[in-house]
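Accompanying notes for the structure given below.
Since every read-out is calculated from the coordinates, none of them should be taken as a lab result. Just so it is clear, the structure is predicted and the values come from calculations on it, not from any experiment. Cβ placement follows ideal geometry from the backbone for every residue including glycine, while neighbour counts extend to all protein chains displayed.
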Amino acid sequence: MDVVAGLVRDAGFDPVRVGALSRGQEFEPDTPVYNTGMSGREPRDQLKVSTS
């Protein structure tokens with residue numbers, strides 16, 4: 001996961017690690033965080049995930 005997070009940072013984005021793939025439904029279309037332009041902190045707060 002550190003490699004992927006590094007690639008995301010290198011691309012100029014702030015990675016948001018949400019955990020298991022099953023959590024993907026929490027940021028699909030028609031969810032509060034989908035395609036909003038939020039920064040890394042905002043979706044982390046919304047999805048209740050830590051920064052580590």
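Listed options for Cα extents along the principal axes in Å are [x] 37, 18, 16; [y] 28, 22, 18; [z] 30, 26, 17. The value calculated from this structure is the one marked [y]. The sum of -39500 (n - 2.57) across all DSSP H runs of n ≥ 4, divided by the residue count of the chain, sets its helix-only mean residue ellipticity at 222 nm to -8000 deg cm²/dmol. In a DSSP loop and with at most 12 other Cβ atoms within 10 Å, the trypsin sites (Lys or Arg not before Pro) in the chain are Lys48.
Shown here for the chain: chymotrypsin sites (Phe, Trp or Tyr not before Pro) in loop regions (DSSP other than H, G, I, E, B) with at most 16 other Cβ atoms within 10 Å, namely Phe13, Tyr34. 3J(HN,Hα) along the stretch 3-15, derived from phi through the Karplus expression 6.51 cos²θ - 1.76 cosθ + 1.60 where θ = phi - 60°, amounts to 5, 5, 4, x, 5, 4, 5, 4, 7, x, 10, 9, x Hz, with x in place of Gly and Pro. Length gained on full extension, Arg23 to Asp45, computed as 0.36 nm times the residue gap minus the Cα-Cα distance: 6.5 nm. Look at the dipole of the chain built from charges on Cβ: of Gly40, Thr51, Gly12, the Cα furthest out on the positive end belongs to Thr51.
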